[in-house]
Amino acid sequence: MRLWTLTGAAIIAAGSATAGPVAPTDVAFGEYGSVSESLTGVPGDPEAGANVVKNKGIGNCIACHQVSALSDTPFQGEIGPPLDGVADRWSEAEIRGIVANAKKTYDGTMMPSYYKVEGYIRPGDAYTGKAAEEPLDPLLTAQQIEDVVAFLMTLSEE
Amino acid sequence: LAVPALVVADPDDDNLVINGEIEMTTKVEPADHLDGALPTVMSGWHFRADETQALQMDDFDNPGMIFVDQAMDAWQTAEGTEDKSCASCHEDPADSMKGVRATYPKWNEDAGEVRTLAMQINDCRENQMGAEPYKYDSGPMASMEALISVQSRGMPVDVAIDGPAQETWERGKEIYYTRYGQLELSCANCHEQNYGNMIRADHLSQGQINGFPVYRLKNARLNTAHGRFKGCVRDTRAETFAPGSDAFVALELYVASRGNGLSVEAPSVRN
């Protein structure tokens, strides 16, 4: 986990020089869970997003999802649907909403909320098993969310 | 869930027979108190690779048996202010401990509490022998639990959940379905809704504890159920519970009851 904390801190520092990202508690979700505004105003980088999706120490999305475009990374999970063609099924705003907080789109889903900082039961300090005080750092930074959204938008089969 | 566990659950259909003679029940109809949560109750053995499975089929290959031997030495060693050993009171564990594992955790009337096997072992150490308790999830404790468990191998797990144990069982059930930590995951998310599915490199089982203590190839030692619970809660980015805590005792009773009918398998072998 140290890895994402470091990259996260660097990105926040860079971001704050400009406008500053939307705080996790200020994200405006639509009625069905979509988020139309970019969280940073800085376009996402699909390559960085791909890294977040496959890296165990960052998003680790492939713990649960298969992504053919990332087939160089072994051990892709089967908990959620494969993400191939996801850009054909959902708009950018919907995908941003799912990545930021999937529970606003799918009530009760097992998918973690990546841009949420409080309201947890027995929140821990990363994977140490020790207690942590809320608000926590979100699982992904605002820019990492934008990067993931940009990557997912490339997953079109049409 | 988008992927129904029923369709993709792919535990194998192998049969577990130990030393060519002890036939194990590794798939069983769920008990009524599961309320249909699982169509079939299955041992974690079915979810492991063939090579790992094979290690459990012969005691000469099962690395967990070394710890059973070590515990047999401890069983006969006098300790504490009373200068007594387990053997002083319980003689041969093959007789005195037969069937014991299958009913633990269980209500202890005198103490007015649900006791795990580990708690009972430490009660005897402290109050019968005047010896230091073992650390709850330590090596010596896991080994002693394995020695006692092995005397019940092949017998069906049969923990009682009613009467005075019911309150503890209810608490354990609540813990099982609570979504802890920053990942907001419950035991049920992984082990009820997704057994048979891969989560990254891991093939999810039903998280049964009929095989505990378990020898894990990953850390080359015996692991207690509470040690495993601790790891699973920690992996949800939660503040975990302590081995031996009331919460984990309750959870152990509940999880054990989900496996009622499966054979006691300890010491089982997992990766």
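No value in this document is a laboratory result; all are computed from the given coordinates. Computed from a prediction, not measured in an experiment: that's the story for all the values here. Please note: Cβ atoms are built from the backbone with ideal geometry, for glycine as well, and neighbour counts cover all protein chains shown.
Which of the aspartates and glutamates could a cross-linker bridge to A:Lys104, judged by Cα under 19 Å and excluding same-chain residues fewer than eight apart?
A:Asp26, A:Glu31, A:Glu37, A:Glu92, A:Glu94, A:Glu118, A:Glu146, B:Glu184
I'd like to know which of A:Val22, A:Leu140, A:Gly129 lies farthest towards the positive end of the charge dipole of chain A, counting +1 on Cβ of Lys and Arg and -1 on Cβ of Asp and Glu.
A:Gly129
Three principal axis extents, largest first, for the C-alpha atoms of region A:21-152, in Å?
Cα extents, longest axis first: 38, 32, 28 Å.
Would you mind calculating the relative contact order of region A:21-152 from Cα pairs under 8 angstrom and at least 6 residues apart, reporting the percent as a whole number? Show your work: numbers first, answer last.
Details: 223 pairs, mean separation 48.1, N = 132.
Here the relative contact order equals 36 percent.
At a 10 angstrom cut-off on C-beta neighbours, averaged per residue, how do the peptides B:256-264, B:155-163, B:40-48 rank from highest to lowest? All intermediate terms of the calculation are to be shown ahead of the outcome.
Details: B:256-264: 24.2, B:155-163: 16.9, B:40-48: 22.3.
The most tightly packed comes first, giving B:256-264, B:40-48, B:155-163.
Work through the residues other than B:Ala37 whose Cβ is under 9 Å from its Cβ and net out their charges, Lys, Arg +1 and Asp, Glu -1. Please list the in-between numbers first.
On the way: positive: B:Arg258; negative: B:Asp35, B:Glu192.
Combined, the nearby Lys, Arg, Asp and Glu give -1.
Have a look at B:Ala87, B:Ala225, B:Ala102 and tell me which one the Gaussian network model of chain B (Cα, springs below 10 Å) gives the largest fluctuation.
It is B:Ala87.
Cα centroids of region B:165-213 and region B:82-145: how far apart, whole angstrom?
Rounded to whole Å, the Cα centres lie 27 Å apart.
Considering only A:Ser113, A:Ser38, A:Ser91, give the residue with the highest GNM mean-square fluctuation for chain A, with springs between Cα atoms whenever their separation is below 10 Å.
For chain A, modelled as a Gaussian network with Cα springs under 10 Å, the answer is A:Ser91.
Suppose each label sits 7 Å from its Cα in the direction of the beta carbon; what would the B:Asp73-B:Asp123 distance come out to in nanometres?
2.9
Give me the distance in nm between label points sitting 7 Å out from Cα along the Cα-to-Cβ direction at B:Ala49 and A:Glu37, one decimal.
Taking the two extended label points, one gets 5.1 nm.
Enumerate the whole-percent occupancy of each 5 Å bin, from 0 to the last occupied one, for all C-alpha pair distances of chain B.
P(r) for chain B, in whole percents per bin: 1, 6, 12, 18, 20, 18, 13, 7, 3, 1, 0, 0, 0.
For the protein assembly as shown, with only Lys/Arg (+1) and Asp/Glu (-1) charged at the beta-carbon, what is the dipole magnitude about the Cα centre, in debye rounded to 20?
Values: 33 positive and 64 negative charges, 159 e Å.
Computed charge dipole of the protein assembly as shown: roughly 760 debye.
Could you tell me the calculated FRET efficiency between A:Asp72 and B:Ser138, based on Cβ-Cβ distance and R0 = 51 angstrom, to the nearest 0.05? All intermediate terms of the calculation are to be shown ahead of the outcome.
Numbers: r = 42 Å, r/R0 = 0.83.
Efficiency at R0 = 51 Å is approximately 0.75.
Classify the protein assembly as shown as rounded, prolate or oblate from the Cα gyration tensor: take a ≥ b ≥ c as the square roots of its eigenvalues, call it rounded if a/c is under 1.5, otherwise prolate when a/b beats b/c and oblate if not. Before the final figure, lay out each step's value.
Details: a/c = 2.39, a/b = 1.98, b/c = 1.21.
Judged from the Cα gyration tensor, the protein assembly as shown comes out prolate (a/c at least 1.5, a/b above b/c).
Angle, helix B:65-75 long axis vs. longest principal axis of chain B, Cα atoms, 0 to 90°, nearest 10?
Taking Cα atoms only, the helix is inclined about 30 degrees.
Within the set of other residues whose C-beta is less than 11 Å from the C-beta of B:Thr103, count the net charge using Lys and Arg as +1 and Asp and Glu as -1.
Details: positive: B:Arg101, B:Lys106, B:Arg115; negative: B:Asp158.
Combined, the nearby Lys, Arg, Asp and Glu give +2.
Quick one: of B:Lys106/B:Lys135; A:Lys103/B:Lys135; B:Lys106/B:Lys230; A:Lys54/B:Lys27; A:Lys56/B:Lys218; A:Lys54/A:Lys116, which pairs are farther than 29 Å apart, Cα to Cα? Present the calculation step by step, with values, prior to reporting the outcome.
On the way: B:Lys106/B:Lys135 20 Å; A:Lys103/B:Lys135 41 Å; B:Lys106/B:Lys230 21 Å; A:Lys54/B:Lys27 35 Å; A:Lys56/B:Lys218 19 Å; A:Lys54/A:Lys116 20 Å.
Result: A:Lys103/B:Lys135; A:Lys54/B:Lys27 exceed 29 Å.
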